[in-house]
Amino acid sequence: MLDEIQEDDVAAIDRLRSLYADLRTELAKVIVGQDTVIEQLVICLMARGHALLMGVPGLAKTLLVSRLSETMSLKFSRIQFTPDLMPMDITGTEILQEGESGRRQFEFTEGPVFANIVLADEINRAPSKTQAAMLEAMQEHRVTVAGHSRSLPQPFFVLATQNPIEQEGTYPLPEAQLDRFMFLIGVDYPSREEELEIARTTTAEPAPMLNSLLNGDTVLEFQKLVRRIPVPNHLYQLAVDLVRRTRPESEEAPDWIKPLISWGAGPRAVQYLILGARARAALRGSYMVRHEDLAAIATPVLRHRMVKTFTAESEGITARSIIARLLEETTESSNREG
């Protein structure tokens, strides 16, 4: 399959794989474990997507995001979402200033969204009007203030966190905004060995500064490279079949899923399955997308795009288990047809 990819792209993939290995080494200086989370974050960045991190407090989500931006020489901004946060607190506002000539005029002051990596901390604490402003920034890569649209710096990457155990004073994210996130990344508790390492390393000397490995222009180049990674036709078919089987009203949905899912994934899920698989293949030094690349990112792409029924909730059936079964059955069906 090397004849399907340009020679320059082969060299660029090798470079990306090497830089990714160096990036993981740098992050390991301050982050213990969380290898899967790191990989999924970088996949989102290289695929021009956004990520929603779900995990209880104290799992170093904010630290991970800030240190990731440090290794990439990208402008980092953190927005702490609260119930009284207004759209202008995110996008910026026009302020009346007195110029050198003595005339007063409005000048635009940029908000914290004007950064390369934006951490939206506890995004579900903000009211819907503020979430709508964030939605425009995520989808259009621009904001509108006082009737004027202003482009955001590139690359632009939103990482939002959400606390799954505290619901008081929160505004659940609407499905339309959840769908804008490429991945829903679950951040779990560390293993016993990792927790011992955390105790040893974080209670001694201050955390070291990390080396900068990438800049904005390089990230943009790699984002273009990812979209040129070849995808075999049968994996396009697999991605479409997998997403269509999540829709309970579809004739292609298996009978067992219909009592468990009230709403399935839309076409954006297919796009993100392919883009995510391409990015994962490139990070691992592969010159084409393989089945394992698609399988590895199926859960973070689909888990927040399926609405479970009361039956599934009451029986404790997780989205992860539903996706795993769907992937297994869809793969078997695809192999039989092939």
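Among the helices (runs of 4 or more DSSP H) confined to region 21-98, the ones with at least 3 residues that are in contact (Cβ under 8 Å) with a residue 40 or more places away in the chain and over 21 Å from residue 303 (Cβ atoms) are located at 61-70, 87-91. Residue 75 meets each of the listed conditions (1) farther than 30 Å from residue 29 by Cβ; (2) basic (Lys, Arg); (3) in contact with a Pro (Cβ under 9 Å, 6 or more places away or on another chain) apart from (1).
As for region 170-184, it holds at least one residue that is at pLDDT below 80, among the aromatic types (Phe, Trp, Tyr) and either in contact with a Phe, Trp or Tyr (Cβ under 7 Å, 6 or more places away or on another chain) or assigned by TED's automatic domain parsing to the domain that holds residue 31 (or both).
What are the residues in region 231-244 that are in a loop (DSSP other than H, G, I, E, B) and buried (at least 17 other Cβ atoms within 10 Å of the Cβ), if any? Matches in region 231-244: 231 only. Within region 178-187, can one find any residue that is part of a helix (DSSP H, G or I) and either among the β-branched types (Val, Ile, Thr) or under 29 Å from residue 24 (Cβ atoms) (or both)? Checked region 178-187: at least one residue is part of a helix (DSSP H, G or I) and either among the β-branched types (Val, Ile, Thr) or under 29 Å from residue 24 (Cβ atoms) (or both). Report whether or not residue 252 is of a type in the set (Asp, Glu), modelled with pLDDT under 95 and either buried (at least 18 other Cβ atoms within 10 Å of the Cβ) or not assigned by TED's automatic domain parsing to the domain that holds residue 22 (or both). It is true that residue 252 is of a type in the set (Asp, Glu), modelled with pLDDT under 95 and either buried (at least 18 other Cβ atoms within 10 Å of the Cβ) or not assigned by TED's automatic domain parsing to the domain that holds residue 22 (or both). In the set 247, 200, only one residue is part of a helix (DSSP H, G or I) and either of a type outside the set (Gly, Ala, Ser) or more than 24 Å from residue 36 (Cβ to Cβ) (or both); that residue is 200.
The values are calculated or read from the model by the stated rules, or taken from the named source; none is laboratory data. This structure is a prediction, so every number in the text was calculated from the model and none was measured. Positions of Cβ are backbone-derived with ideal geometry, glycine not excepted, and every protein chain shown enters the neighbour counts.
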